[in-house]
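This report refers to the structure that appears directly beneath it.
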Amino acid sequence: MTQKPEDIKVIIATDCGSTTTKAILIQYDEEKGEYRQTYRGEAPTTVESPFEDVTKGVLNSISELSELSGRELLDENNMILKKSSPSEGADIYISTSSAGGGLQMMVAGVVRSMTAESAERAALGAGAIVMDVIASNDHRLPHEQIERIRQLRPDMILLSGGIDGGTKSHVVDLAELISAADPKPRLGIGFKLPVIYAGNRDAREEVSGTLEEKVDLVIVDNLRPVLEKENLGPARDKIHDMFMEHVMQQAPGYKKLMEWTDSPIMPTPGAVGAIIERVAQLYDLQVVGVDIGGATTDVFSVFVDPEDEKPVFNRTVSANLGMSYSISNILAEATLPNISRWVPFPIDERELRNQIKNKMIRPTTIPQTLHSLAVEQAIAREALRLAFVQHKSFATTLKGVQKQRTIADAFVQTGTEGTIVNMMNLDLLVGSGGVLSHAPRRNQSAMMMIDAFRPEGITRLAVDSIFMMPHLGVLSEVHPKAATEVFLKDCLVYIGTCIAPVGQIKESKDVMKYSIDLPQGRQEGMLRQGEMLLFPLGVGEKASAVFEPTGKADVGAGKGTRVETVVHGGVVGLILDGRGRPLMTVPDDKDARIQQMLSWLENLKVYNMDELKALGRA
């Protein structure tokens with residue numbers, strides 16, 4: 001792209017999803033001196049028969065943009081118009097894509113918890129779905145690993161292993177395994193499968209000799225040149241290049257689409273990660289973002305690594321947790337009791353199973369009644385919770401590095417040991433995906449996110465208004481200023497702020513004294529154990545607040561330590577969560593559980609309570 005960022009005033013961006021292609025128009029407001037998202041259009045994605053040309057869906061979505069905005073964006077030949085006057089065309093056109101299943105990869109490494117995990121991190125960061133991880137110590141026999149590679153037919157393989165100057169034999173054995181499998185790519189019969197080697201540099205010659213005849217081999221710098229350092233950038237960049245060169249070229253119509261775009265097409269999840277990472281760096285924030293879809297749930301985070309005090313970006317894909325195609329997997333992993341604890345009325349186990357199975361076989365349906373909506377949002381809580389548990393176990397300090405340990409380390413609980421996800425340090429929690437972005441009330445989105453992620457201390461909550469994070473991610477590579485301005489002003493809908501003291505408080509005891517200077521007057525009181533409170537504080541409004549946790553409760557400054565701060569409002573307001581962290585246990589008695597749920601939902605104005613209580617009496 002030859003244009004200077006300051007010359008770009010009108011931008012068309014599309015995201016080609018598996019079912020829908022979404023287009024947005026971004027324009028520069030000369031009077032206010034800022035970029036804003038102005039119009040949105042969408043159309044069915046057209047990668048499958050009878051069309052088999054992704055550009056048709058793209059043009060249909062841009063045509064809707066043109067009709068809504070009154071701006072000519074397509075010429076008489078149905079091609080995207082370059083800007084020729086103030087009312088015609090666009091300066092640039094950019095796109096992301098997850099159509100056709102997105103980028104599907106396998107990774108291989110010598111040690112599962114070290115080089116293989118680093119390879120998985122690089123692939124996930126580039127926007128891939130990791131189908132499987134092959135490692136020398138994964139307890140599978142060679143013939144089983146070979147059969148697995150043949151069976152999965154990934155788009156690409158990332159091979160890593162060994163530190164520079166270390167043992168070569170193990171990574172060469174992995175290369176021989178791939179050679180024996182003679183893998184074929186998912187798309188493009190007759191093409192060689194792309195394999196990226198990012199391991200011990202001393203083994204490059206032997207790996208090349210083993211693989212170059214059978215695959216399209218590319219060599220980049222080692223992912224783990226020394227045990228204490230991860231170098232993911234070169235592998236991540238090469239994955240993106242190979243995705244463009246091999247995978248996108250084979251999908252119907254993408255070659256034509258690539259000629260239209262003014263910057264390389266990005267995988268949708270990689271683009272979402274790019275905008276979250278950029279905003280976190282720009283505003284010095286620690287962020288968690290989630291995108292819950294029909295088949296998968298992606299979690300993104302930027303947290304400061306406590307060891308080197310640098311922000312680290314992580315992404316995980318829960319490929320079996322989604323709200324339509326994968327909804328039965330949520331039932332299998334979460335179990336019925338964990339789902340039903342969030343349902344605020346009596347529900348028969350068989351009825352709950354039937355609703356879940358119906359959603360799986362009719363994945364495009366949306367809830368038509370309050371009953372089915374409440375059940376779906378209960379399932380979403382568990383999908384989000386499980387995806388975040390997986391993310392925390394993956395977002396860790398480097399494994400394999402020797403550390404000095406003290407007697408205190410002996411008392412650290414296992415499971416999330418080594419994770420860099422510290423919820424007390426979290427500044428912003430962003431939700432995206434249909435169940436969060438399109439909930440009938442933003443209060444419902446807030447409740448789902450708090451129940452699933454359990455933020456600690458003081459955390460701002462937001463949702464992606466119309467799922468434009470992918471568009472802004474690819475835009476951030478071309479025009480960072482425009483991308484960040486639109487992200488903060490149009491993409492994010494600020495829900496409000498959650499204040500959640502940490503600590504297990506005895507039943508019916510005081511948790512925290514509060515004093516909040518709201519626009520309508522000061523609110524003072526005591527938050528009790530198990531209580532949730534909501535105070536109105538609108539979008540763009542701020543309030544001075546003092547929080548004084550009792551006893552062993554901690555709201556960010558230490559146990560029992562008073563905090564004076566300024567809190568931000570949103571469409572829901574300020575939420576005080578006195579349920580403790582870890583979250584208080586739900587009563588075993590069904591009636592007591594429902595009453596507890598109803599009190600939280602009523603205080604936070606989550607549903608129409610008359611209708612909800614009527615469901616309990618029905």
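Results, tabulated for the structure shown:
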| read-out | value |
| --- | --- |
| Stretchable slack from Gln249 to Asp182, in nm (0.36 nm times residue separation minus alpha-carbon distance) | 22.0 nm |
| Hits among aspartates and glutamates - C-alpha to C-alpha of Lys542 under 12 Å, sequence gap 8 or more where chains match | Asp517 |
| Tail fraction, Cα-Cα pairs, segment 5-99, threshold 19 Å, whole percent | 38 percent |
| Computed label-point distance, nm, for sites Glu34 and Leu285 using a 7 Å Cα→Cβ extension | 1.4 nm |
| Cβ-derived FRET efficiency at R0 60 Å, Ser208 paired with Lys513, nearest 0.05 | 0.35 |
| Structure-based [θ]222 nm, the chain - -39500 (n - 2.57) summed over DSSP H runs of at least 4, per residue, nearest 500 | -9500 deg cm²/dmol |
| Cβ-based net charge around Ser208, under 13 Å, with every Lys or Arg adding one and every Asp or Glu removing one | -3 |
| Net charge, Leu65 excluded, C-beta distance under 14 Å - Lys, Arg +1, Asp, Glu -1 | -3 |
| Eligible aspartates and glutamates near Lys192 by straight Cα distance, threshold 14 Å, same-chain separation 8 or greater | Asp155, Asp182, Glu212, Glu213, Asp216, Glu245 |
| Potential extension, Ser49-Asp589 segment - 0.36 nm per residue separation minus Cα distance | 189.1 nm |
| Radius, Kirkwood style, for segment 102-264 when every pair of distinct Cα atoms is counted (Å) | 15.6 Å |
| Relative contact order (percent, whole number), segment 5-99, Cα cutoff 8 Å, 6+ residue spacing | 31 percent |
| For the chain, diffusion coefficient by Stokes-Einstein and Kirkwood Rh (Cα), 10 °C, 1.306 mPa s, µm²/s | 61 µm²/s |
| Segment 495-618 - Rg over Rh from alpha carbon coordinates, Kirkwood radius | 1.00 |
| Calculated FRET value between Asp7 and Glu309, using beta carbons and R₀ = 41 Å, to 0.05 | 0.60 |
| Low-density loop positions, GluC sites (Glu not before Pro), segment 217-267 - DSSP coil, at most 15 other Cβ in 10 Å | Glu228 |
| Extension gain, Val546 back to Thr364 (0.36 nm per residue minus Cα-Cα distance, nm) | 60.9 nm |
| Hits among lysines - C-alpha to C-alpha of Lys605 under 17 Å, sequence gap 8 or more where chains match | Lys613 |
| Shape category assigned to segment 259-334 from the gyration tensor of Cα positions, a/c cut at 1.5 | oblate |
| Segment 82-178: mean projected area of Cα convex hull, nm² | 9.2 nm² |
| Share antiparallel - DSSP beta bridges, the chain, percent rounded to 5 | 65 percent |
| Pairs of lysine residues in segment 279-405 - Cα separation under 22 Å, sequence separation of 8 or more or cross-chain | 4 |
| Point-charge dipole on Cβ atoms (K/R +1, D/E -1) for the chain, about Cα centre, debye to 20 | 1480 debye |
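Values in this text are rule-based calculations from the coordinates and carry no lab data. Computed from a prediction, not measured in an experiment: that's the story for all the values here. Every residue, glycine as well, gets a Cβ built from its backbone with ideal geometry; the counts of neighbours run over all protein chains shown.
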